[in-house]
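As structure tokens, the structure follows; a few thoughts come after it.
The values are calculated or read from the model by the stated rules, or taken from the named source; none is laboratory data. None of the values given here were measured: they were computed from a predicted structure. So basically every Cβ, Gly included, is an ideal-geometry build from the backbone, and we count neighbours across all protein chains shown.
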Amino acid sequence: MKLNEHNSKRLFEEAGIPVPQGTLLGPGDEPAPPFALPWVLKSQVLSGGRGKAGGIRMADTREQAQSELAKLFTLAIKDEKVQLVRIEPKAAYTRELYLSITLDRQSRSFCITAGRFGGVDIEACAPETLLIEHAAPDTGLAPFQIRNIFFHLGLPKELSKPFHALLTNLFDCCLRHRLLLAEINPLVITTDGRLLALDGKVEIDGHRIGIDPSLNRFFEAAHLSDEENRSREAGLSYHKLDGYVGLMVNGAGLAMASMDILNYSGLEAANFLDLGGGADSEAMRTALDILFDDSRVGMVFINIFGGILSCHKVARSMLEALDGQEPRKPIVVRFAGNGSAQGLELLNQAALNGLHLCPDLTSARAALEKLKGDRPAARHKPLIVPSTAPRLPARPRQTSTPFPLPADCRILVQGLTGKQGQLHCRLMQEYGSKVVAGVTPGKGGTEVLGVPVFDTVREAVNAMRIDASIIFVPGAMAPDAVLEAAASGIGWVVCITDGIPQLDMLRALERLKGSPTRVIGPNCPGLVMAGKTKIGIMPGDIFTPGPVAVFSRSGTLTYECVDRLTKAGIGQSVCVGIGGDPFVGTSFTDLCKLVRHDPDTRAVIILGEIGGKAEEELGQYMRESGFELPVFGFIAGRTAPPGKRLGHAGAILEKGAGGIEVKLQAMADSGFHLIDDLDQIAEAVAQVL
């Protein structure tokens with residue numbers, strides 16, 4: 001959750017960081033702050049560049065303030081209409097500095113950046129004016145690092161204690177509230193020799209808000225559209241885009257891929273809307289109402305791959321949400337996977353005008369094209385980066401090291417007695433997995449689905465051999481559950497849990513450095529060794545044994561890919577969803593090392609997403625190691641707007657990071673065979689087997 005300047009300063013003030021006085025006004029409010037003129041009137045928007053856009057004004061009189069306020073409330077800054085203005089006393093200062101703390105994905109640490117000049121874009125500063133210190137998530141900021149920053153900034157010695165207190169308080173605020181960003185730009189030295197945070201920008205980890213709802217006091221609905229506020233209240237992941245096709249999908253990876261399909265087909269997506277794993281009638285009603293009420297939306301595309309979520313359930317929820325009435329706008333429905341035939345039949349029997357039912361993406365695209373009419377052609381040009389490596393079978397290699405998970409893997413379920421733990425324990429058992437124990441503190445000595453329950457992991461491990469654990473506990477407790485399993489010597493830990501704050505998971509993973517335990521996830525669908533064992537929530541019926549390893553950052557993309565492979569007669573050796581969060585335990589590179597000499601694997605598929613460098617790091621390993629297996633790569637989210645997190649916390653195109661072209665080119669240069677459309681993947685893989 002991004003905070004505006006006013007709420008950032010409220011948080012800073014709570015943390016003991018000096019900020020100016022300030023009051024917040026909306027349209028029609030009279031300026032009557034409890035401090036003297038002159039005043040600074042500052043538009044409250046979440047986008048940058050408000051100064052250049054005329055969003056900051058000065059006022060020497062109340063009359064001038066009223067006049068300037070009226071002008072500010074007519075402004076739109078980067079498409080965001082100004083609805084709030086903060087008034088502050090005009091500050092007198094002698095120096096402007098820059099200070100920020102971010103939780104950095106690449107270094108897996110807090111990154112503290114200090115600049116000798118503030119009030120400007122930090123990217124425009126000369127490198128020698130900046131100092132960057134890294135602080136480990138466990139050990140925190142050391143006193144010598146504060147001294148390094150203090151002397152780099154050239155602050156007067158009388159500010160040593162105040163600066164130490166300010167930076168310590170800012171860092172503690174990041175730890176306490178799980179901030180992803182805390183920026184002061186500028187931090188000024190006032191004419192009377194005080195430090196003052198003259199501007200502020202904060203981003204709170206959204207998963208922390210789920211654990212500590214009191215942080216919602218900093219949420220400001222005025223910055224979101226009506227659609228975004230309604231989806232937030234309903235627990236849906238929604239982002240507004242620029243097109244006219246309303247998009248509703250289950251799973252962030254599939255949602256991103258569907259967005260790309262639409263945009264590259266000239267069917268511009270109006271939004272990103274991920275139903276997730278829930279599709280009850282109320283969620284469906286809210287989602288449809290949001291799309292129907294959006295005047296930009298001319299048609300709706302519902303693209304569902306039934307995994308654990310049945311397409312038949314989605315169809316039933318749709319009909320309940322529509323109240324048996326014709327939809328207000330035409331809906332194209334594509335169902336595949338679990339319950340797809342029954343779901344399409346249920347919708348067909350309803351015989352509602354405006355429902356266009358499709359069994360595959362090709363027919364869905366054709367239906368959308370017919371509905372498109374004379375709307376403009378595509379704005380997004382297909383991004384094709386040619387692969388340089390020839391499509392050849394695996395080169396000669398040692399095949400003496402199978403994937404290190406026993407075929408008779410004995411599984412522990414942490415959180416077995418909960419609803420999700422019981423559901424997926426039963427489904428794993430139906431697949432043939434050997435679930436031998438469960439853990440729920442306080443329920444030891446009971447039995448669930450024929451599985452004994454223990455109070456602690458250690459008790460379970462002392463009672464029997466356990467090869468792997470799977471975690472179904474809430475986000476606040478999941479990192480500790482991972483550490484508990486590792487401390488008991490379990491070799492594989494699969495963390496299904498979503499909603500874990502990034503800092504909490506990073507701390508757990510850093511403590512496990514050097515541990516023999518392999519962590520999969522968090523926020524992942526788990527792993528499947530086709531025909532042998534399933535440790536996760538993937539739908540078992542789409543898998544078949546064979547020679548292709550599939551590693552993915554998305555559950556629904558995994559299902560789409562595996563379904564295509566299986567239907568083409570191509571089986572899978574091992575499939576692992578590594579998770580969609582920025583900090584995960586086992587990487588693409590780690591997994592490729594494990595299958596490099598696996599006799600059952602002859603090709604690898606990587607299903608990636610925008611954001612991060614996991615795919616590029618794998619490419620570097622492939623080049624440096626002379627990796628013998630052919631590797632195919634697909635990236636979802638190519639048409640995503642920079643700066644938006646699309647469903648997965650790790651799926652964000654960082655501004656200034658080079659964009660998707662850089663990622664794809666790096667992959668191509670490393671020997672990946674790039675796939676632009678999942679419909680191409682089975683034919684491409686068949687060429688190397």
- Note on the structure: Glu510 fails exactly one of (1) at positive phi; (2) assigned to a helix (DSSP H, G or I), namely (1)
- Query: Where in segment 72-155 are the strands (runs of 3 or more DSSP E), entirely inside, with at least 2 residues that are within 26 Å of the chain's Cα centre (by Cα) and within 30 Å of Phe583 (Cα to Cα)?
  - Reply: 93-104, 109-115, 130-135
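Report yes if some residue within segment 478-486 is in a loop (DSSP other than H, G, I, E, B), touching a helix residue (DSSP H, G or I) at 6+ places or on another chain (Cβ under 9 Å) and under 16 Å from Gly415 (Cβ atoms); otherwise report no.
Of the residues in segment 478-486, the ones in a loop (DSSP other than H, G, I, E, B) are none.
No, segment 478-486 has no match at all.
Results for (1) modelled with pLDDT under 95; (2) in the same structural domain as Thr362 (by TED's automatic domain parsing); (3) assigned to a loop (DSSP other than H, G, I, E, B), shown as yes or no for each residue.
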site: Val604; (1), (2), (3): no, no, no
site: Glu615; (1), (2), (3): yes, no, no
site: Met622; (1), (2), (3): no, no, no
site: Glu628; (1), (2), (3): no, no, yes
site: Phe632; (1), (2), (3): no, no, no
site: Ala666; (1), (2), (3): yes, no, no
site: Gln680; (1), (2), (3): yes, no, no
- If you scan segment 401-448, which residues turn out to be crowded, with 16+ Cβ neighbours inside 10 Å and of a type in the set (A, V, I, L, M)? Leu405, Ile411, Leu412, Val413, Leu416, Leu427, Met428, Val435, Val436, Ala437, Val439, Val448
- Task: Give Arg316, Arg395 a once-over and let me know the one that is at negative phi, surrounded by fewer than 18 Cβ atoms within 10 Å (Cβ to Cβ) and basic (Lys, Arg).
- Result: Arg395
- Candidate set from segment 212-255 (those that are outside any helix (DSSP H, G or I) and aromatic (Phe, Trp, Tyr)); member that is farthest from His177 (Cα to Cα): Tyr244
- Task: Could you check, for segment 338-345, whether at least one of its residues is outside the structural domain of Met538 (by TED's automatic domain parsing), touching a Gly at 6+ places or on another chain (Cβ under 7 Å), among the polar types (S, T, N, Q) and not in a helix (DSSP H, G or I)?
- Result: yes
- Message: Among (1) surrounded by 14 or more Cβ atoms within 10 Å (Cβ to Cβ); (2) in contact with a helix residue (DSSP H, G or I) (Cβ under 7 Å, 6 or more places away or on another chain); (3) under 21 Å from Leu166 (Cβ atoms), there is one condition Arg57 misses while meeting the rest; what is its number?
- Response: (3)
- Does Arg334 satisfy the condition of being touching a strand residue (DSSP E or B) at 6+ places or on another chain (Cβ under 6 Å) and either of a type in the set (Phe, Trp, Tyr) or at pLDDT 90 or above (or both)? yes
- Of the residues in segment 337-378, those that are out of contact with any strand residue (DSSP E or B) (no Cβ under 8 Å at 6 or more places or on another chain) and on the phi > 0 side of the Ramachandran plot come to Ala351, Gly373
- Message: Conditions first: (1) more than 30 Å from Cys174 (Cβ to Cβ); (2) among the hydrophobic types (A, V, I, L, M, F, W, C); (3) within 17 Å of the chain's Cα centre (by Cα). Met248 passes all but one, so which condition is the exception?
- Response: (3)
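Test Leu72 against the stated conditions and say whether it is aliphatic (A, V, I, L, M), surrounded by 17 or more Cβ atoms within 10 Å (Cβ to Cβ) and touching a residue at least 60 places away in the same chain (Cβ under 8 Å).
No: the conditions fail for Leu72.
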- Task: Go through segment 262-283 and give me each residue that's surrounded by 23 or more Cβ atoms within 10 Å (Cβ to Cβ) and assigned to a helix (DSSP H, G or I).
- Result: Leu262, Asn263
